[in-house]
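Enquirer: Quick one: structure below, then a few questions.
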Amino acid sequence: MAILDTGEDMKRWGVFTISILLLLSFAILTGCSAMTVKLGWVGNSVPGHSEASFSRFRGEERYSMQLQGGETLVLRYEAELEEGSLVLRFLNSGDAVVWEEGMDSDAVADVRIKVEEAGWYDLVVYGDDARGRFDLYWSMD
């Protein structure tokens, strides 16, 4: 086992240590950007209904459902926002956007979305540093 006794060895060790720390920091920061953050999250979700209040929401909350071709998704949403914004998206099985609505203030709406193809669909709530609450109701017609 070699003992680090020269100034040159100490410099190499220091550069190696700093390089490793920078690499780890970069990996952590890159991973965090895609992470969902929910602070003060209080929510409830059952088939056809989801509600949540939060002091900070960044990321996504996803609800999956299976629809038949020709069916219509009946969606009612309510949102109260103190900060940030929310986006509601209805996505097909390939994650293509079928319908989308963005909100940066309080909103209430009833929406009907007819699907042409049978398959699995996702209703997704995206939060961008949002503070507030949302309430979603959905059914198939």
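Enquirer: Pick from region 51-68 the residues that are within 18 Å of Asp141 (Cβ to Cβ) and hydrophobic (A, V, I, L, M, F, W, C): which of them is nearest to the chain's Cα centre (by Cα)?
Expert: In this case the residue turns out to be Met65.
Enquirer: Moving on to the next point. For Met35, which of the numbered conditions (1) free of Cβ contacts under 8 Å to residues at least 60 places away in the same chain; (2) surrounded by 11 or more Cβ atoms within 10 Å (Cβ to Cβ) fails to hold?
Expert: Unmet condition: (2).
Enquirer: Something else: Of all residues being among the aromatic types (Phe, Trp, Tyr) and either out of contact with any strand residue (DSSP E or B) (no Cβ under 9 Å at 6 or more places or on another chain) or buried (at least 16 other Cβ atoms within 10 Å of the Cβ) (or both) in region 108-128, which is farthest from Ala52 (Cα to Cα)? Just the residue, please.
Expert: Tyr121
Enquirer: Right, Ala118: in contact (Cβ under 8 Å) with a residue 40 or more places away in the chain and under 20 Å from Asn44 (Cα atoms) or not?
Expert: Answer is no for this residue.
Enquirer: Residue check: is Asp128 under 19 Å from the mean Cα position of the chain (by Cα), of a type outside the set (Phe, Trp, Tyr) and farther than 21 Å from Phe57 by Cα?
Expert: Against the criterion (under 19 Å from the mean Cα position of the chain (by Cα), of a type outside the set (Phe, Trp, Tyr) and farther than 21 Å from Phe57 by Cα), Asp128 does not qualify.
Enquirer: Among the residues of region 90-107, are any under 20 Å from Ser45 (Cα atoms), surrounded by 13 or more Cβ atoms within 10 Å (Cβ to Cβ) and touching a Gly at 6+ places or on another chain (Cβ under 8 Å)?
Expert: Checked region 90-107: no residue is under 20 Å from Ser45 (Cα atoms), surrounded by 13 or more Cβ atoms within 10 Å (Cβ to Cβ) and touching a Gly at 6+ places or on another chain (Cβ under 8 Å).
Every read-out reported here was derived from the displayed coordinates using simple, explicitly stated rules and does not represent laboratory data. Everything numeric here is computed off the predicted structure, so don't read it as measured data. Note: ideal-geometry Cβ built from the backbone for every residue, glycine included; neighbour counts use all protein chains shown.
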